[in-house]
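Okay, so here's the structure we're looking at.
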Amino acid sequence: MKEELIAPCGMNCAICVAYFGYRMDGGRRKTACSGCRIKNKDCAFVKKQCELLSKHQIEYCFECDHFPCEQLKKLDKRYRIRFNMSSIENLENIRDNGVRKFLKQQRTRYRCPECGGTICVHTNRCYSCS
Ligand SMILES: [Zn+2]
């Protein structure tokens with residue numbers, strides 16, 4: 001897991017189904033996603049509506065005066081309910097403890113007990129062994 005895979009919204013792209021090269025329905029994507037920050041496309045959830053992010057004036061959403069904004073709160077709520085993950089919590093964690101500590105926690109939290117690979121937050125699957 002790498003720092004460059006942490007999106008501005010607090011999402012860890014290393015645990016995203018698209019990063020593994022799969023879709024939610026179990027099928028394979030044509031290409032695996034390289035991660036929000038690396039792709040540098042307008043993020044589907046937040047960046048599109050945020051001038052600071054689209055102009056690269058902030059690196060993470062917590063640097064913004066409006067953190068957490070309505071857009072981020074919506075995303076956060078969806079992820080908390082569907083995927084047991086909070087972007088806002090992730091961001092506060094990164095802000096307060098640093099990104100390296102956060103990555104370490106993520107490695108532990110999403111580590112596959114069978115093979116040591118990474119469990120996908122969206123599907124709860126390990127694409128290395130199952
Ligand atoms: Zn595994």
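Just so it is clear, none of the values below were taken in a lab; they were calculated from the coordinates. Being a predicted model, the structure only gives us computed values, none of them experimental. Cβ: placed from backbone, ideal geometry, glycine included. Neighbour counts: every protein chain shown.
The table below lists the values:
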read-out: Other-chain or far-sequence residues with amide H under 5 Å of Arg29's (modelled H); value: Tyr22, Arg23
read-out: Amide H contacts under 5 Å for Arg111, placed H, 5+ residues apart; value: Ile119
read-out: In order through the range 81-98: 3J(HN,Hα) via Karplus (6.51 cos²θ - 1.76 cosθ + 1.60), integer Hz, x for Gly, Pro; value: 6, 8, 10, 6, 9, 10, 5, 5, 4, 4, 5, 5, 4, 5, 4, 7, 10, x
read-out: Mean separation of Cα contacts under 8 Å, 6 or more apart, over the residue count of the chain: relative contact order %; value: 25
read-out: Check: the chain dipole with +1 on Lys, Arg Cβ and -1 on Asp, Glu Cβ, in debye; value: 540
read-out: Lysine pairs with alpha-carbon atoms under 19 Å apart, the chain, spacing 8 or more or separate chains; value: 17
